Amino acid sequence: MPSEVRYVGWDIGGAHLKVAMLDANGRLCAARTLSTPLWKGTDALVESFHEARTTYGLQGVRHAVTMTGELADIFTDRAEGVRTLLNLFSDCFPQHSVGVYGGALGFMEPGSAIQAFESVASANWHATATLAARCYPRGLLVDVGSTTTDLVWIQDGRVYACGTNDHTRLALGELIYSGVVRTPVMKMATAVPFRGVWVDLVAEHFATAADVYRLSGDLPEDSDLGMTADGRDKTLAKSEARLARMLGTDASNGSSAMWKAIADYLAECQVHRLTCACQLQISRGISADTPLLGAGIGRFLVERVARRLGMDYDVCDPLDDLRKADFKTSLAADMGPAVAVAYLMREEA
């Protein structure tokens, strides 16, 4: 473990566990993303907790926890999800200083957080936006991850979110289930152009956005940690085969150029959807000179949206102002919630 680690942020998702470590000066010492598919059970999550503890030691640090994994379908409801995840964390880190992020309620000890599960559930977006608002006076934060996209208006250093939980944020367009790794291709479009005709996509989980962005050349390195839709390799040829299956055919019935063209079309569909989502938020009264703040492993899409809307674009890396790092490849931008809760914990301390 880097000896200077003082604060550790954890973002417990339904597919990934993200951990970020800061020193006493707020510098990012280390960060990791681990695959933890909760729909298969909690074993992988517990193993990842132990792996992080073994690798980094994590003695004498303060832990800050946020989550979205409570929504996994292994739990009866969100209350059970929050309780189970926090109990697992406490079991793995007994007698450690732990603060659980509860949105507007701030940090709570695990017992209180279990009681306030409504505020704790899927509050990770609020942590990212709160930290961003302290570093950027205004902007429309668009955080595109592996599975979802968060859109949060920041004005005068404050978070202007209308929704407070997944349900209301979905209804208000502040949360959309569209990411660059796990999103099923059948969610990205209903039909694609192929050999001069429109071909309806089959309603099967045969391919994902990771296949699309692997073929388009946009998939960030080391961002795809989970299994592919068919359990086969993450090669261009296998991605072509999975994409062809979405059209009810085989990769041999088209060229690599054809499959890449379909991937480019699907990417265009996702950019269009994100553009519309941004336009909805802009209609709330966001001024034309407000920049888009891109975050998450899919922030390359936000840059495209900004060009389409004629808006300024910046990478949302709250720590860049402190450490002047190369924010174009910054882990802080990739892992916003984990970094945010660690930094907010440091400020509170």
Checklist entry - Taking N as the number of residues in segment 195-349, what value does Rg over Cα atoms divided by 2.2 N^0.38 Å take? => result 1.25
Checklist entry - Quick one: length gained pulling residue 44 to residue 97 fully straight, 0.36 nm per residue minus the C-alpha distance? => result 16.8 nm
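At a 1.4 Å probe radius, carbon and sulfur cover how many percent of the accessible area of the chain? List each step's numbers first, then the result.
Working: 7300 of 14790 Å².
So the carbon and sulfur contribution to the accessible surface is 49 percent.
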Checklist outcome for this item: Note, residue 200: beta-carbon cut-off 15 Å, +1 each Lys/Arg, -1 each Asp/Glu, net +2
Checklist entry - All other residues with a Cβ under 13 Å from the Cβ of residue 156 taken together, and with Lys, Arg as +1 and Asp, Glu as -1, what is their net charge? => result +3
Item to check | the chain - charge dipole about Cα centre, Lys and Arg +1 at Cβ, Asp and Glu -1, debye rounded to 20 | outcome: 400 debye
Item to check | Surface per residue (accessible, 1.4 Å probe) for segment 1-136, Å² | outcome: 40 Å²
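Please report the net charge: other residues with Cβ closer than 14 Å to the Cβ of residue 110, K and R +1, D and E -1.
With Lys, Arg at +1 and Asp, Glu at -1, the neighbours total -1.
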Checklist entry - For segment 12-138, with the dipole built from +1 on Lys and Arg beta-carbon atoms and -1 on Asp and Glu ones, taken about the Cα centre, which of 37, 15, 103 lies farthest toward the positive end? => result 103
Checklist outcome for this item: Share (percent) of C-alpha pair distances in the chain greater than 36 Å works out to 20 percent
Checklist entry - In Å, what Rg and Dmax follow from the Cα atoms of segment 62-140? => result 13.3, 40
Checklist entry - Ranked from highest to lowest mean number of other Cβ atoms within 10 Å per residue, what is the order of the peptides 63-72, 108-117? => result 63-72, 108-117
Checklist entry - Which parts of segment 240-282 would a label at residue 156 reach, counting a residue when its backbone N lies under 16 Å from a point 7 Å out along Cα-to-Cβ? => result none
Checklist entry - Okay, helix-only estimate at 222 nm for the chain: each DSSP H run of n ≥ 4 adds -39500 (n - 2.57), divide by all residues, round to 500 deg cm²/dmol; what do you get? => result -11500 deg cm²/dmol
Item to check | Mean Cβ count within 10 Å, highest first, over the residues of peptides 138-149, 227-238, 82-93, 243-254 | outcome: 138-149, 82-93, 243-254, 227-238
Next on the checklist: As a test of understanding, state the convex hull volume per residue of segment 1-70 from its alpha carbons, in Å³.
Outcome noted: 73 Å³
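The values are calculated or read from the model by the stated rules, or taken from the named source; none is laboratory data. Just so you know, these numbers come straight off a predicted model, no measurement behind them. Using ideal geometry, Cβ is built from the backbone for each residue, glycine included, and neighbour counts are taken over all protein chains shown. For the accessible areas, the whole protein counts, side chains as well, though only heavy atoms, and no ligand, DNA or RNA atoms are used. Shrake-Rupley method; radii C 1.70, N 1.55, O 1.52, S 1.80 Å.
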